[in-house]
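Heads up, the thing below is written out as structure tokens.
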Amino acid sequence: MSILSSEWTALLYLAAAVCFILALKGLSSPRTARRGNLIGAAGALIAVVTVFLSVKLENIPLILVAIAVGSAIATPIARRVQMTQMPQLVALFNGVGGGAAALVAVLELGHNTDPWFRLAVVFTMLIGAVSFAGSAVTVAKLQELITTRPVVFPGMRWIMSLAVIAVLVAGGFVIATGSAGWAIALLVLGLIAGLLLVLPVGGADVPIVISLLNAFTGLAVAASGLVLGNVLLVVAGTLVGASGTILTRAMASAMGRGVSGIMFGAFRGGSTAGSTVQSDRPVRSSSAEDVAVLLGYAQRVVIVPGYGLAVAQGQHTIAELATALEARGIGVDFAIHPVAGRMPGHMNVLLAEANVPYESLKEMAEVNPEFKNTDVTLVVGANDVVNPAAKTSPGSPIYGMPILEVGHSNQVVFLKRSMRPGFAGIENELLFDPKTTLLFGDAKDSLGKVLGAVKAL
């Protein structure tokens, strides 16, 4: 017997839905993201407690054990995960959500013979399975368990077409018969479709795919709400699906490409691809002391963070360097590209961890006009987002992508571990520009040396 009346249940679900909406609003800005995350967590807690108090549940001990086991696994992982592995964690959580929705739909299949109900079950199973398998591939790519380059083989287009046809046939039989066997076949086909969808994607396109799969999971959760007759799941899933879709389109726009080109560009040579090839062309390298002189006697400095900064865990050192420069009366800003790093907002989260003031973070549209008045631009671990090939090389996989126009600065300093290309696998001509200086080494170590030299000026 439920403890809460239907009226109280509806009110609590409404409160949870409002929390989810306010959470999304908060997550739209780095300044309010922490608060938004807490509000979203509060909404989820309200939703879970409401279910326990309003629904006659069976096997409550098993449910509590499952919650305890999941919490025991997820909490230490979330606390210990390094900033460089945050995209993998996001993709993993997203995939698990899609997989859970698919399994719930399978279990609910025999509870109703209505064709529209079965259609919702089929949709949930398919989208959830695609999200689960696709997210697993993105995790493997980002973790470099498999190649980051697009995986394409002869006849892959035909196999993908056959998979789509098989999915439609299996889904039709599930709707018509409610057969558990066909449901399992549909689940397997959905997993195969997810693999085939993401394997051809490579390099810098992977973060956009994570966002797209997040939208898929939201749709699967919304459909599972229809299956379970739970309005809150429909609302929450729709919010996640809509926000994920908007974010995917925004990131694709930031790359200067369409979503279809990102997903299927490898078939016509348009997908970005990781590379290990290093250039042997001569460049102008320098010492930490020389870089410190350039920075210490500038009037305006712009810092461009990238994935390499996250790898080196140098965010605290670079924040201290910015503070030291500002103490000398130098204007310092951080230029943030929308797709820098390996997930949306990666650099914002990284710098927030080091307590860099939000006012110092400048988005691409705001900072690009200011580069011509910048004495020194310090690029730390970024490559593709500042690569002029996006504007000058029509054959380049990043051609058309808006970039941070650091080449307009008076001086450019790159902190790089080696001459290896960025995640897109293409050479950056800016590295060979006469006004560009390179400081080789681990970013955190190099920043520490530059910081010490600046303080000694």
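Nothing in this text is a laboratory measurement; each read-out follows from the coordinates by a stated rule. If you're wondering where the values come from, they're calculated on a predicted model, not measured in any experiment. Don't worry about glycine lacking a Cβ; one is built from the backbone with ideal geometry, like all the others, and counts go over all protein chains shown.
Annotations
- The simple spin-label model puts a point 7 Å past each Cα toward its Cβ; for PHE93 and ALA78 those points are separated by 0.5 nm.
- Cβ charges +1 (Lys, Arg) and -1 (Asp, Glu), total dipole of the chain, debye: 240
- The chain, helix-only ellipticity at 222 nm - DSSP H runs n ≥ 4, -39,500 (n - 2.57), divided by all residues, nearest 500: -19500 deg cm²/dmol
- Volume per residue that the Cα convex hull of segment 288-456 spans, once the total is divided by residue count, Å³: 100
- Principal-axis tilt of helix 156-177 within the chain, Cα atoms, nearest 10 degrees: 30
- Computed extension length for HIS408-LEU145: 90.9 nm, one decimal, from 0.36 nm per residue of separation with the Cα-Cα distance subtracted.
- Taking θ as phi - 60° and the Karplus parameters 6.51, -1.76 and 1.60, the scalar couplings of segment 311-323 work out to 4, 7, 6, x, 5, 5, 5, 5, 5, 5, 5, 4, 5 Hz in sequence order, x denoting glycine and proline.
- Close lysine pairs were tallied over the chain: pairs 8 or more places apart or on different chains with Cα atoms under 24 Å apart number 19.
- Sorting the Cα pairs of segment 303-398 by distance into bins of 5 Å, from 0 upward, gives 3, 13, 24, 25, 19, 10, 4, 2, 0 percent per bin.
- Cα-projected label distance for GLU7 with LYS25, points at 7 Å along beta-carbon direction, nm: 2.7
- Calculated FRET efficiency for the pair VAL231/TYR358, C-beta based, R₀ 30 Å, to 0.05: 0.25
- Seen from all directions on average, segment 6-268 presents a Cα convex hull projection of 15.1 nm².
- Acute angle (nearest 10 degrees) that the helix 86-108 long axis makes with the longest principal axis of the chain, alpha-carbon atoms: 10
- The length gained on full extension between TYR297 and MET419, counted as 0.36 nm times the residue separation minus their Cα-Cα distance, comes to 41.2 nm.
- Full-extension gain in nm, ALA456 to LEU45, via 0.36 nm per residue minus C-alpha separation: 142.8 nm
- Intensity falloff of segment 111-202 expressed as log10 I(q)/I(0), Debye formula with alpha-carbon point scatterers, at q = 0.11, 0.13, 0.21 Å⁻¹: -0.36, -0.48, -0.94
- Once the Cα atoms are used to define both axes, helix 6-26 deviates from the longest principal axis of the chain by about 20 degrees.
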